[in-house]
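Chemist: First the structure, which I've put down as structure tokens, then a few questions once you've had a look.
The values are calculated or read from the model by the stated rules, or taken from the named source; none is laboratory data. What you see is a predicted model, and the numbers here were worked out from it, not measured in a lab. In this analysis, Cβ positions are derived from the backbone assuming ideal geometry, glycine residues included, and neighbour counts consider all displayed protein chains. Quick note on the areas: whole protein, heavy atoms, side chains included, nothing else; ligands and nucleic acids left out. Shrake-Rupley method; radii C 1.70, N 1.55, O 1.52, S 1.80 Å.
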Amino acid sequence: MRFASLGSGSQGNGTLVSDGETLVLVDCGFPRRETERRLERLNVAAEDIDAIIVTHEHGDHSGGVASFSRHYKTPVYLTHGTANSGRLSGVFQQVLINAGDDFTIGSVHALAVPVPHDAREPVQFKLEASGNTLGLLTDLGSITPHLVEAFSGCDALLLEFNHDLELLMQGAYPASLKRRVAGDFGHLNNTQAGELLQRLDNRRLKVLVAGHLSLKNNSKEHALAALAAAADHHQAAVHLATQDSGFDWLSVSGDEEFSMADAVSA
Ligand SMILES: [Zn+2]
Ligand SMILES: [Zn+2]
């Protein structure tokens, strides 16, 4: 199994997951043309995507879903709460799930894990295929025991390092937005992400990606410093997901580097 990112952050998100048989797009926060451009960069044809699964209705995750789904006749998996937000109306085919459900798309098995975030029924996903497990965990304001249990034992993990608390508090955001971002239903700061990493069982972890970094309230250096501080809790290769380029295909098992050419044969 391998994964790649179209982009990561509050301006738009999209993560591709493929086991060579089934290709799934988790969230689509870019307009359709921009999504196509970013897919092309990863050597993916839009019509090859078997399904889109949506974490929650915030625009940076859902903004491009409906038009993409209609254009390419792609089924969309989403929770009842996300559907009820009204922001994903008009998708080609809607498959409703509940937080906590597990379901199968082709050869990929997905578990929808509920997360504390200020949306209707937000979930994040743990995906399994070919004996490997990938955790995608962004957009959460606090750590719950359930999350620690659900995301333990992953082979690869994309984890939110949203902001540096000091940069956020000293920054230009209005007080209400600062409270929202830093709150229990907002986003994980670097220190919290490091703490979560220390609480997870990471014995299998081979690939770790820091994602959903705030462009205003974080920096690569701040996030990587927090990651390094938690480094004795994992042996994983570390990558960074950016807003502009996401990241190129990574093997979940960490044993081989994929090039664009390999991705084509997916
Ligand atoms: Zn987000
Ligand atoms: Zn969100």
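Chemist: Let me spell it out: the conditions are (1) away from ligand 1 (no atom under 16 Å from the Cβ); (2) under 27 Å from His146 (Cβ atoms), and Val65 meets all of them except one. Which number is the exception?
Modeler: Condition not satisfied by Val65: (1).
Chemist: Could you figure out which of (1) buried (at least 19 other Cβ atoms within 10 Å of the Cβ); (2) part of a strand (DSSP E or B); (3) more than 16 Å from ligand 1 (Cβ to nearest atom); (4) not aliphatic (A, V, I, L, M) isn't true of Gln124?
Modeler: Against the list (1) buried (at least 19 other Cβ atoms within 10 Å of the Cβ); (2) part of a strand (DSSP E or B); (3) more than 16 Å from ligand 1 (Cβ to nearest atom); (4) not aliphatic (A, V, I, L, M), Gln124 comes up short only on (3).
Chemist: Name the single residue, out of those in region 102-117 being surrounded by fewer than 16 Cβ atoms within 10 Å (Cβ to Cβ) and either in contact (Cβ under 8 Å) with a residue 40 or more places away in the chain or β-branched (Val, Ile, Thr) (or both), that is nearest to Val54 (Cα to Cα).
Modeler: Looking at residues that are surrounded by fewer than 16 Cβ atoms within 10 Å (Cβ to Cβ) and either in contact (Cβ under 8 Å) with a residue 40 or more places away in the chain or β-branched (Val, Ile, Thr) (or both), I get Thr104.
Chemist: Sticking with this one: Quick one: Ala236 ticks every box in (1) at pLDDT below 95; (2) open to solvent by 40 Å² or more (accessible area, probe 1.4 Å) bar one, so which box is it?
Modeler: Here Ala236 clears every test but (2).
Chemist: Does region 197-215 contain any residue that is in a loop (DSSP other than H, G, I, E, B), within 16 Å of ligand 2 (Cβ to nearest atom), touching a Leu at 6+ places or on another chain (Cβ under 6 Å) and not acidic (Asp, Glu)?
Modeler: The answer is no; no qualifying residue exists.
Conditions (1) among the aromatic types (Phe, Trp, Tyr); (2) farther than 20 Å from Leu78 by Cα; (3) crowded, with 23+ Cβ neighbours inside 10 Å; (4) away from ligand 2 (no atom under 16 Å from the Cβ), marked per residue:
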{"site": "Gly12", "(1), (2), (3), (4)": "no, no, yes, no"}
{"site": "Thr15", "(1), (2), (3), (4)": "no, no, yes, no"}
{"site": "Thr22", "(1), (2), (3), (4)": "no, no, no, yes"}
{"site": "Arg32", "(1), (2), (3), (4)": "no, no, no, yes"}
{"site": "Leu42", "(1), (2), (3), (4)": "no, yes, no, yes"}
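Chemist: Here is a further query. Looking only at region 54-67, which residues are within 14 Å of Asp139 (Cβ to Cβ), out of contact with any helix residue (DSSP H, G or I) (no Cβ under 8 Å at 6 or more places or on another chain) and open to solvent by less than 10 Å² (accessible area, probe 1.4 Å)?
Modeler: If the condition is that a residue be within 14 Å of Asp139 (Cβ to Cβ), out of contact with any helix residue (DSSP H, G or I) (no Cβ under 8 Å at 6 or more places or on another chain) and open to solvent by less than 10 Å² (accessible area, probe 1.4 Å), then His61 is the only one that fits.
Chemist: Right, another one. Is it true that some residue in region 173-180 is surrounded by 23 or more Cβ atoms within 10 Å (Cβ to Cβ) and hydrophobic (A, V, I, L, M, F, W, C)?
Modeler: The initial filter retains those residues of region 173-180 that are surrounded by 23 or more Cβ atoms within 10 Å (Cβ to Cβ), namely none.
No - not one qualifying residue is present in region 173-180.
Chemist: For the structure I just gave you, tell me whether Leu137 is within 15 Å of ligand 1 (Cβ to nearest atom), closer than 20 Å to Ala241 by Cα and either open to solvent by less than 20 Å² (accessible area, probe 1.4 Å) or in contact (Cβ under 8 Å) with a residue 24 or more places away in the chain (or both).
Modeler: Taking the combined requirement at face value, the residue satisfies it.
Chemist: Moving on to the next point. Where the second residue is within 16 Å of ligand 1 (Cβ to nearest atom) and the first is polar (S, T, N, Q) and lies in region 56-78, which pairs have Cβ atoms under 6 Å and are six or more apart or on separate chains?
Modeler: Ser62/Val54; Ser62/Arg87; Ser62/Leu88; Thr74/Ile52
Chemist: Looking at Leu200, Leu213, Leu158, Leu147, which one is under 20 Å from the mean Cα position of the chain (by Cα), closer than 22 Å to Gly100 by Cβ, within 16 Å of ligand 1 (Cβ to nearest atom) and surrounded by 15 or more Cβ atoms within 10 Å (Cβ to Cβ)?
Modeler: After ruling out the rest, the residue left standing is Leu158.
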